[in-house]
Amino acid sequence: METSLPSRSPIVHIASGEGRIQADGKVAVTALEGMLVKSIDIKEGEEIQAGDTLFILDTQSIQEKLFKEQLSLQKLQLQLSQYQQDAFLGAQRAQEDLETAEERNEQAVRRASSDRRKALRKLREYSDEYEGDDKDYDEEEEGEQDWKDTDAVYLSLRDAYHSAQREYEDALNKQEDDLRLAKRALQDVQKQENEAKITAIDCQLQQMEVNKLQELLNEEGRVLSPIDGVVSEIAVQTGKLTSREGAVMISENSSGFSFTAQMPVSDAKYVSLGDKGSITIAGDQDKITGCLVEKIQTKADDPAISQVTLRLAQGQGGIGMAGTAQISKKTKDYETCVPLSAIRINEKQQKYILTVKETETVLGKEYIAEETVVTIQDQNETTAAVSGPLDRNTKVIVSSNKNIFAGDRIRLQTP
């Protein structure tokens, strides 16, 4: 049987996980959508130079695509020409209509105003002549207008004035309506001009697509690497069509390196941003030390796994190297720590340890195993920090060569 005394110490948690070194800077090489992949000349992890062939597209599918895009460009160019012509002619007509409407309505208003003044003058002259004074007919009292309600000449002149007044008001209203319509026509012309501008932009974009296809055809379908680096991902397949997404991902050699370790959330909870860890490369006993934790996140498709990213120092590691990251985190000092092997569970599901109780008998000293219930404050794979009725002088049973239960007489192992 082996015993030990509790000690004051921290608990050291070690979080570890496997992963691969990758470059921080990546470049996505894309291909035009819907192109047939003829062959792939690279593999993941391969070092490449700028200008190297990544994959080759089928030239027949490029030619077919180029022909369709050229037809689309011609269609847009015809639409643009029509929009520009319509906008130009529309602007001319709208301006001419506006000027004509202004002149015609101005003449109509002047004529109606003149007719209204003449009718009013005749009405006043007749009224003054009839009454022999200079009163304005509009200022007559109601009682003084009895003759006006029966005089046929006066009634005719008054009706003529009212008619002239209505014609004058109609001329003003028509002038306003025609002006509004003319301005609306100018606004419609502005819409046509905007359509022409939008179509011109579409033509430029379509011309870019045609140029890309023509350049690709000139390269006989070869898609080339724009930079020096390492192939980190290939998203195209021979015999399949290309998609909108990046076809090949290339890690830049000049960028820094990082290592993303996959580890259980239960381990990653002890890791904090800024902690330092080490990486052991598979097949290499040397460790890459001083790696800084810069990102911790839960894996999108598995909430039980955390992804811990460590930054490597400049000049350490290489793209694509697989290995295991290890991060040690030391807690505060706990007053009472015992070996994890000393922790037991009773029938009440309580955690306890067996301590050594010394008694005096007629035969001498006797040692009895005594159950001491404890609370686990923290633990790792080898040590547990506990609280309970014990101190650092209490002997704790760690292991034995036979089962021991509370109340059993025990024999201490002599040094």
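The values are calculated or read from the model by the stated rules, or taken from the named source; none is laboratory data. Values in this document were obtained by computation on a predicted structure and should not be read as measured data. Positions of Cβ are backbone-derived with ideal geometry, glycine not excepted, and every protein chain shown enters the neighbour counts.
Looking at the range 281-291, can you tell me whether even one residue there is within 30 Å of the chain's Cα centre (by Cα) and either without any contact (Cβ under 8 Å) to a residue 40 or more places away in the chain or not in a strand (DSSP E or B) (or both)? Show your work before the answer.
Looking only at the range 281-291, we keep the residues that are within 30 Å of the chain's Cα centre (by Cα), and these are 291.
Still in the running and either without any contact (Cβ under 8 Å) to a residue 40 or more places away in the chain or not in a strand (DSSP E or B) (or both): 291.
Scanning the range 281-291 turns up at least one residue that is within 30 Å of the chain's Cα centre (by Cα) and either without any contact (Cβ under 8 Å) to a residue 40 or more places away in the chain or not in a strand (DSSP E or B) (or both).
Whether any residue in the range 222-231 is surrounded by fewer than 14 Cβ atoms within 10 Å (Cβ to Cβ) and either on the phi > 0 side of the Ramachandran plot or not in a strand (DSSP E or B) (or both) is what I want to check.
Scanning the range 222-231 turns up at least one residue that is surrounded by fewer than 14 Cβ atoms within 10 Å (Cβ to Cβ) and either on the phi > 0 side of the Ramachandran plot or not in a strand (DSSP E or B) (or both).
Out of the residues in the range 62-98 meeting the condition of being at pLDDT 90 or above and polar (S, T, N, Q), tell me which one is nearest to residue 190 (Cα to Cα).
77
Here's the yes/no breakdown for (1) part of a helix (DSSP H, G or I); (2) at pLDDT 80 or above; (3) aliphatic (A, V, I, L, M):
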site: 105; (1), (2), (3): yes, no, no
site: 116; (1), (2), (3): yes, yes, no
site: 123; (1), (2), (3): yes, no, yes
site: 138; (1), (2), (3): yes, no, no
site: 162; (1), (2), (3): yes, yes, no
site: 167; (1), (2), (3): yes, yes, no
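Under the condition of being more than 28 Å from residue 202 (Cβ to Cβ) and of a type in the set (Lys, Arg), which residue from the range 38-74 is surrounded by the fewest Cβ atoms within 10 Å (Cβ to Cβ)?
Among those that are more than 28 Å from residue 202 (Cβ to Cβ) and of a type in the set (Lys, Arg), it is 43.
Here is a check on your reading of the model: is residue 278 polar (S, T, N, Q), modelled with pLDDT under 90 and part of a strand (DSSP E or B)?
Spelling it out, it is not the case that residue 278 is polar (S, T, N, Q), modelled with pLDDT under 90 and part of a strand (DSSP E or B).
Does residue 193 satisfy being farther than 30 Å from residue 43 by Cα, in the same structural domain as residue 70 (by TED's automatic domain parsing) and not in a strand (DSSP E or B)?
Spelling it out, residue 193 is indeed farther than 30 Å from residue 43 by Cα, in the same structural domain as residue 70 (by TED's automatic domain parsing) and not in a strand (DSSP E or B).
Can you say whether residue 35 is surrounded by 17 or more Cβ atoms within 10 Å (Cβ to Cβ), touching a Leu at 6+ places or on another chain (Cβ under 8 Å), under 30 Å from residue 207 (Cβ atoms) and of a type outside the set (Lys, Arg), as far as the supplied structure shows?
Yes.
Against the conditions (1) of a type in the set (A, V, I, L, M); (2) touching a Lys or Arg at 6+ places or on another chain (Cβ under 8 Å); (3) more than 18 Å from residue 20 (Cβ to Cβ), where does residue 265 fall short? Just the number, please.
Among (1) of a type in the set (A, V, I, L, M); (2) touching a Lys or Arg at 6+ places or on another chain (Cβ under 8 Å); (3) more than 18 Å from residue 20 (Cβ to Cβ), the lone unmet condition for residue 265 is (2).
Quick one: in the range 238-282, of everything that is surrounded by 13 or more Cβ atoms within 10 Å (Cβ to Cβ) and of a type in the set (Asp, Glu), which residue is farthest from residue 48 (Cα to Cα)?
Among those residues, the one meeting the criterion is 267.
Report whether or not residue 296 is over 30 Å from residue 391 (Cβ atoms) and either surrounded by fewer than 18 Cβ atoms within 10 Å (Cβ to Cβ) or within 37 Å of the chain's Cα centre (by Cα) (or both).
Answer is yes for this residue.
Looking at the range 307-338 only, could you name the residues that are of a type in the set (Ser, Thr, Tyr) and closer than 28 Å to residue 398 by Cβ?
328, 331, 334, 336
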